[in-house]
1. From the residues in the stretch 211-223 that are β-branched (V, I, T) and either open to solvent by less than 40 Å² (accessible area, probe 1.4 Å) or in a helix (DSSP H, G or I) (or both), which one is farthest from V179 (Cα to Cα)?
2. The conditions are (1) modelled with pLDDT of 65 or more; (2) open to solvent by less than 50 Å² (accessible area, probe 1.4 Å), and K84 fails exactly one of them. Which is it?
3. Out of the residues in the stretch 160-191 that are over 25 Å from R94 (Cβ atoms) and hydroxyl-bearing (S, T, Y), state the one that is surrounded by the most Cβ atoms within 10 Å (Cβ to Cβ).
4. Is it the case that some residue within the stretch 54-63 is part of a loop (DSSP other than H, G, I, E, B), crowded, with 21+ Cβ neighbours inside 10 Å and touching a Ser or Thr at 6+ places or on another chain (Cβ under 8 Å)?
Amino acid sequence: MYIRSVTLKENAAELCEDYLFQIPAIEQLGELEFTSPVTFFVGENGSGKSTLLEAIAVAYGFNPEGGSKNFHFSSAATHSSLYKALRIAKGPIRPRDGFFLRAESFYNVATEVERLNDISPLYDAYGGKSLHCQSHGESFLSLILHRFWGKGLYLLDEPEAALSPARQLSLLSRMGELVREESQLIIATHSPILMAYPDAQIYVLGENGITLTPYQETEHYFITKEFLQNPQRMLRELLGNGEDE
């Protein structure tokens with residue numbers, strides 16, 4: 001593991017904004033260990049999964065808005081100061097590659113790639129053309145397929161946001177290739193498709209802090225399974241269209 005564990009410093013409350021400690025997963029963070037090449041952060045909106053992933057990325061040296069460690073652009077300083085309160089235990093081997101991919105600021109990353117390409121040809125590493133000249137989903141997958149070179153640390157924040165179910169399966173396949181190429185991935189997601197990656201760690205962030213949870217015991221899996229097994233029954237319950245037959 002390039003990142004073996006993340007620990008909240010003893011004086012964390014002095015280093016961060018107060019609101020962060022109103023999030024149970026952050027308040028009760030303690031030490032978080034990484035023992036699998038693929039780790040997922042999952043939870044409801046507002047549970048802190050993206051905040052935690054962002055803090056790990058920034059503490060490790062990535063640009064808050066995304067990109068590799070060589071990206072230093074900034075359009076708006078909106079990231080939290082949680083990274084200051086994290087202690088990262090690194091493995092004995094340094095990654096040869098790395099990337100922080102986040103859905104909400106991907107447009108800014110694509111713009112930075114265009115700027116850098118004007119200085120020195122760069123598009124071959126991103127699918128052969130500007131990311132702005134591809135659809136949102138195509139550009140996401142193109143970056144992962146062509147720019148992620150292996151032997152790397154890859155932090156992905158809700159990569160499924162731009163991907164169809166079929167493209168999520170393509171991402172699963174690429175994740176397998178990256179793991180075989182000695183990579184580590186830490187992913188914040190809502191996708192039950194991605195979460196099915198074999199032997200992945202799944203950390204559920206919620207009111208009880210952060211809990212390591214088997215895939216089939218996650219709410220994401222349970223709700224998706226219940227809906228797909230009998231969508232009409234669930235729709236009747238949700239929409240109030242009469243009692244179950």
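1. I223
2. (2)
3. Step by step, filter the stretch 160-191, then rank; the result is T189.
4. Step one: of the stretch 54-63, the residues part of a loop (DSSP other than H, G, I, E, B) are 61-63.
Cutting the leftovers down to crowded, with 21+ Cβ neighbours inside 10 Å gives us 62-63.
Those still in the list that are touching a Ser or Thr at 6+ places or on another chain (Cβ under 8 Å) too: 62-63.
Yes - at least one qualifying residue is present in the stretch 54-63.
Every residue, every condition in (1) modelled with pLDDT of 95 or more; (2) charged (D, E, K, R); (3) touching a helix residue (DSSP H, G or I) at 6+ places or on another chain (Cβ under 8 Å), yes or no:
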residue	(1), (2), (3)
G127	no, no, yes
S142	no, no, yes
R167	no, yes, yes
I186	yes, no, yes
G206	no, no, yes
E226	no, yes, yes
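The values are calculated or read from the model by the stated rules, or taken from the named source; none is laboratory data. Small disclaimer: the values here were computed from a predicted structure and weren't measured. Positions of Cβ are generated from backbone atoms using ideal geometry, with glycine treated the same way; all protein chains shown enter the neighbour counts. Just the protein is used for accessible areas: all its heavy atoms, side chains included, with ligands, DNA and RNA removed. Shrake-Rupley method; radii C 1.70, N 1.55, O 1.52, S 1.80 Å.
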